[in-house]
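The values are calculated or read from the model by the stated rules, or taken from the named source; none is laboratory data. Fair warning: this is a prediction, and the values are worked out from it, not measured in the lab. Quick reminder, even Gly has a Cβ in these numbers, built from the backbone with ideal geometry, and neighbours come from all protein chains shown. All accessible areas refer to the heavy atoms of the entire protein, side chains included, with ligands and DNA or RNA removed. Shrake-Rupley method; radii C 1.70, N 1.55, O 1.52, S 1.80 Å.
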Amino acid sequence: MITGYDPEAKTLTTGIVDLLNFGWLPDSLVPSDTPLNIHARQRVHSAFQRSMVRNGWQKEISVSLDLEVMGIRFRIRGRLDLILESGNSLEILEVKTIDEKPDFTDPLQSRRNNTLQLFFYAKAISSERGLSPDSISSSLVFLSLDTKEPEAHYFPIDLSDDELEKSWMHHLRDTAEFLKAEDVRKNIQISALKGFQFPYDSMRPGQQEILSDVRNCIDNRGYLMMQAPTGTGKTAAVLTGAIRETLPGRFTLFFLTAKNTHKSIVLQTLRIIIDQGVPLRGIFITARSEICHRSKPRCFPDDCPYAVDFRDKIHGSGVMKELLDLQIIGPDVLMDSAEHAGVCAFELGLCLATQCDIVICDYNYVFDPHVFLKRFFLDRNTAEMCSLLIDEAANLPSRARDYYSPQIKLSWIKELSEDGSCSVKRRKLLLPLIDGFVEWTLLLENTGEDEIELPSDTEIPLHTDSWIRQISELRDPPESLRELFKAIIDFSKISGVSDERYHLLIRRENEDHILQWFCTDPSLFLWERLESCHSSIAFSATLTPFDHFRYILGFPDEDRTVSREIAWPFPRENLGVWISPEVDTRYRSRRQSAFLLTRKITEIYSVMPGTWLVFFPSYHYLELIADHLKESTVPLLIQTPRMSREDRAEFIERIESENQLVLTVSGGIFSEGIDLRSENLLGAIIVGPSLPGMNLRMKLLSESYSRRGLNAFVHTWAIPGMVRVIQAAGRLIRNRTERKTLVLIGRRFTKYPYIGLLPEHWFRDGSIQLLSGGIKRITDFLSK
């Protein structure tokens, strides 16, 4: 990623540190600094500057230098650590901290970037003040931290050294060559876009509208929320509109999706775009654990051969150019190439991402405060060069609540305290937490509930500074200590702060007890990330009511956010929708109405055999009706909890190849994000609105809506429940030739607020047909 470059003026405006880090690769992935070390370095550096100021030195002097290399103009800025003026001569110092006394004699060889940084300051001072280099003396100062009092080690730098000048010019020429190559690549892209219209031969209804809205949003650095029904072809239209703006603008386009099926659609679309002559680079970022060569669930670079000599291995193998030439870099080819080069596949992917036009990844790489991609989003300058496409955006708020709801598990604490190698210092930190859990779990047990809320002013013995010192002494902390330390840092940011968004909860989960700060409203955190980026587009088949989703997604008010609803792209007569109101699907009535519901489902299948998807609001309800259906001769395929990836693939294969009743759960893995290609699929039966469960967390969430003056039931339960219903129905029709039936079972579908949340294209002349008169109309509809 290039920031500060104006291709029209051929000018790069940058800071000296960013310039020297341009194209930089780490020598090793083994971390050299802990949080304590970083804090200590900053403290020692500042103390040294203050001591020098007392002796007449000036600190933090802003300098600049303009020069031209190979037709590229560089405008470089920086802040010099220390300067001392004496008559017509100057002395300048650049100060760095190191763990131990320097074991080198030539900083240019061992500390190249530090030396070039000082060289730049000398050149800038010389140019600004009209001084000859002979009148400026310069030194690198390394403050070693291995003694009680930091020791200063001075390394004078000969500014007339030819090797120093050569190294400086070599870096500038490399940077200029890269920028010129990017200019050529971008010009080719812009020229290719002129002849590119759309990935497919023709557009579906609504796709041109999507494409235009996306272009306008990015062009205006804006916000767009778009609801488009399943089957509209959102992905192709959104990508086409986006690249027409991001490629010429040199932005990095992030396509955020949690679904592998959607990633496959993106991959297919990008390959078609490339085949039509638009050269672009895209990379798929997947979880570190999924592409680890050692199949480790967690990364331990201290003990990993793929972490050492990272830079030399990459340069020696040429793996980055090899992969960039492929244009589309998927997880498999990335892992194979990284294995051949002997480097970490995940870290190689991150380095490649900075030179790609499109990054396809999960939401967490942008929004999770622990794993977001810092090279893109930590600095405002790089974040402003990113444009976000948020797929299935209705799912982001619940994910964000997890990101910002830290938790401490009693099992971590017990594992650490029972470890024979546990030090006395660590045990003293663990004991107050154990005592706290004894008190909190006793309160929980006395209520008989699985989860309760504790007072927000409950004293939690965090001892954050002591834990920082504790973990800084370890090169390879155990997994439980890593997790506990991360949670303590997060807790320290919340505890003692009055924030009505956060509630302190204690719960029982399996054999464990968990203390958690539950965040009911992460919208402000999402807004902060969105505001830092160039533009943001949220799209989904379920984003209405717009006011509801605009707020919980962190999008600005309607003056700054464009909301667009795309009409259903297929003939309305191809989808027959009926409501069967006789069955009471409310929780309290499910057992007594189970026989009636079973008879209704069986009757539909018996009259029109084929594949029918039956969606239930919970596994418990599904299992109740499945037990009744097993007494019939109707063939069944039943979803089970916690299915493996292989089980899910087999389940889909059976849906597409056999005639049966498929019993599954609304809001689950088979109700959204998958394309079912079955010629025998006749329709779907959705049993009741799929309302979230009634528990403490949902109660707290409803209270947060009440405080905003909103209808708590509608926003907490009804809208999320009906989103799941609409997502499930989206499995039916994917093109203009398909003809399917949708049966909504339950009297609540005929009442407010549920009926007001149904899609407009499900209605005929302002109403939805009732199935109370029998199912002959369904058979007549499907037989046409």
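Counting only DSSP H runs of at least 4 residues, each contributing -39500 (n - 2.57), and dividing by the residue count of the chain, the helix-based mean residue ellipticity at 222 nm comes to -12500 deg cm²/dmol.
On region 636-677, 43 percent of the accessible area sits on carbon and sulfur atoms, based on a 1.4 Å probe.
For Val577, the amide hydrogen comes within under 5 Å of the amide hydrogens of Leu742, counting only partners 5 or more places away or on other chains and with H modelled in the peptide plane.
The 3J(HN,Hα) values that the Karplus relation (6.51, -1.76, 1.60; θ = phi - 60°) gives for region 522-537 are, in residue order, x, 4, 5, 5, 5, 4, 4, 5, 4, 5, 6, 8, 5, 7, 9, 10 Hz. Gly and Pro appear as x. With the simple model of a label 7 Å out from the Cα in the direction of the Cβ, Leu782 to Val333 spans 4.4 nm.
Of all beta bridges that DSSP places with both ends in the chain, some 35 percent have antiparallel geometry.
Computed from phi, the 3J(HN,Hα) profile of region 309-320 under the Karplus parametrisation 6.51, -1.76, 1.60 (θ = phi - 60°) reads 6, 4, 5, 5, 5, 5, 5, x, 8, x, 5, 5 Hz, with x in place of Gly and Pro. Taking the centroid of alpha carbons for each part, region 498-553 and region 301-366 are 32 Å apart.
Remark: spin-label model distance Glu511-Asp146 equals 4.6 nm, labels positioned 7 Å along the Cα→Cβ axis. Per residue, the accessible area of region 59-165 comes to 50 Å², computed with a 1.4 Å probe over protein heavy atoms only.
Karplus-derived 3J(HN,Hα) values for region 429-435, using 6.51 cos²θ - 1.76 cosθ + 1.60 with θ = phi - 60°, are 7, 7, 4, x, 5, 4, 4 Hz; glycine and proline are entered as x. Computed from the C-beta positions of Asp419 and Arg311 and an R0 of 30 Å, the FRET efficiency is 0.25 to the nearest 0.05. Histogrammed with a bin width of 20 Å, the alpha carbon distances of the chain distribute as 13, 40, 34, 11, 2, 0 percent, first bin at zero. Model label sites at Thr105 and Arg399, defined 7 Å from Cα along the beta-carbon direction, differ in position by 5.6 nm. Packing, as the average of other Cβ atoms within 10 Å across residues, places the peptides 509-518, 58-67 in the order 509-518, 58-67, highest first. Here the chain is treated with +1 on each Lys and Arg Cβ and -1 on each Asp and Glu Cβ, and its dipole about the Cα centre works out to around 2520 debye. On region 152-266, 48 percent of the accessible area sits on carbon and sulfur atoms, based on a 1.4 Å probe.
Taking 1.002 mPa s as the viscosity and 20 °C as the temperature, the Stokes-Einstein diffusion coefficient of region 410-565 based on its alpha-carbon Kirkwood radius rounds to 116 µm²/s. Residue separation of Glu445 and Lys699 scaled by 0.36 nm, minus their Cα-Cα distance, works out to 89.4 nm of gained length. Ignoring ligands, DNA and RNA, what percent of the accessible area of region 408-525 is carbon or sulfur (1.4 Å)? After summing per-atom areas, the C and S share lands at 49 percent.
The orientation-averaged projection of the convex hull spanning the C-alpha atoms of region 165-243 amounts to 7.5 square nanometres. Taking amide hydrogens as modeled 1.01 Å from N in the peptide plane, which residues meet the under 5 Å criterion relative to His293, leaving out close sequence neighbours? For His293, the qualifying residues are Ala345. Per residue, the accessible area of region 669-730 comes to 35 Å² when a 1.4 Å probe rolls over the protein heavy atoms.
For region 566-679, the alpha carbon positions stretch 38, 37, 28 Å along the principal axes, listed from largest to smallest.
Largest first and in whole Å, what are the equivalent-ellipsoid semi-axes of region 671-784 based on the Cα gyration tensor, each being the root of 5 times an eigenvalue? List each step's numbers first, then the result.
Details: eigenvalues 191, 55, 28 Å².
Working through the eigenvalues yields semi-axes of 31, 17, 12 Å.
About its Cα centre, the dipole of region 135-228 is roughly 820 debye, where the only charges are +1 on Lys and Arg Cβ and -1 on Asp and Glu Cβ. Heavy-atom accessible surface of region 492-625, averaged per residue, reaches 42 Å², computed with a 1.4 Å probe.
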